[in-house]
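The values are calculated or read from the model by the stated rules, or taken from the named source; none is laboratory data. Quantities reported herein were computed from a predicted structural model and do not represent experimental measurements. In this analysis, Cβ positions are derived from the backbone assuming ideal geometry, glycine residues included, and neighbour counts consider all displayed protein chains.
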């Protein structure tokens, strides 16, 4: 990520853009990619009473077609760290429903045609440690209490602002937990508030209104 360049922001993938005091390249903040994943295999091995080792390998395919000349060049590599909630419900002896909701952090990238990564192993580790420390501080200090009624049901829970979503004035993304269940990430868009993991628009609206009341208090 570029942080010292004096170049002006621009719109193309490799052009410099500006966000919260930093210059960066790549896809513009706020844009969304949607992918379809091929039939893959998820393997998990229990290594302690509460911890599992996981491995997942699959090819993902863009929904639609990329505009000609856009995006990263063929051969570009990425190393991501995923921090997510997985909500699972057993349906029968062999089947489960599952929803994965969270964030991912770019640890490093490798430009097409080059052999080395943008950060060495020790730099990648230090960057991840810094990110996790910030995340822990966020969990400890910025919890917002939620309490409201919706469709004759009382809801109590927490909203945790996602630090990286701060746009200079407000947070635009929050982790939401209601009545002990992790509900997902709510996000503010120009068209209103949305949650990928919640298909009840009126409940999403009630959560957003409760958040707005907190901001105004």
Fill in: Answer from 159, 188 - the residue that is touching a residue at least 40 places away in the same chain (Cβ under 8 Å) and within 18 Å of the chain's Cα centre (by Cα)
159
Worksheet item: Condition test on residue 60, is it modelled with pLDDT of 95 or more and touching a strand residue (DSSP E or B) at 6+ places or on another chain (Cβ under 7 Å)?
Response: no
Fill in: Residue selected from the range 84-103 under the condition in contact (Cβ under 8 Å) with a residue 24 or more places away in the chain and closer than 18 Å to residue 32 by Cα, by the criterion surrounded by the fewest Cβ atoms within 10 Å (Cβ to Cβ)
102
Worksheet, complete the sentence: The number of residues in the range 168-193 that are surrounded by 21 or more Cβ atoms within 10 Å (Cβ to Cβ) and on the phi > 0 side of the Ramachandran plot is 1
Discussion item. Just checking, does the range 64-76 include any residue being surrounded by 10 or more Cβ atoms within 10 Å (Cβ to Cβ), at pLDDT 90 or above and closer than 29 Å to residue 187 by Cβ?
Written reply: yes
Worksheet item: Can you find even one residue in the range 47-60 that is closer than 17 Å to residue 26 by Cα, assigned to a strand (DSSP E or B) and not assigned by TED's automatic domain parsing to the domain that holds residue 177?
Response: no
Discussion item. Tally up the residues in the range 165-184 that are touching a helix residue (DSSP H, G or I) at 6+ places or on another chain (Cβ under 9 Å) and more than 13 Å from residue 146 (Cβ to Cβ), please.
Written reply: 4
Worksheet item: How many residues are surrounded by 12 or more Cβ atoms within 10 Å (Cβ to Cβ) and touching a strand residue (DSSP E or B) at 6+ places or on another chain (Cβ under 8 Å) when one looks only at the range 111-122?
Response: 3
Worksheet item: How many residues are part of a strand (DSSP E or B) and either free of Cβ contacts under 8 Å to residues at least 12 places away in the same chain or under 24 Å from residue 133 (Cβ atoms) (or both) if we restrict to the range 65-78?
Response: 1
Worksheet entry | Within the range 79-107, tally of residues that are over 26 Å from residue 187 (Cα atoms) and either touching a helix residue (DSSP H, G or I) at 6+ places or on another chain (Cβ under 8 Å) or part of a loop (DSSP other than H, G, I, E, B) (or both) | 5
Worksheet item: Looking at (1) outside the structural domain of residue 99 (by TED's automatic domain parsing); (2) part of a loop (DSSP other than H, G, I, E, B); (3) touching a residue at least 12 places away in the same chain (Cβ under 8 Å), which is the only condition residue 15 fails?
Response: (3)
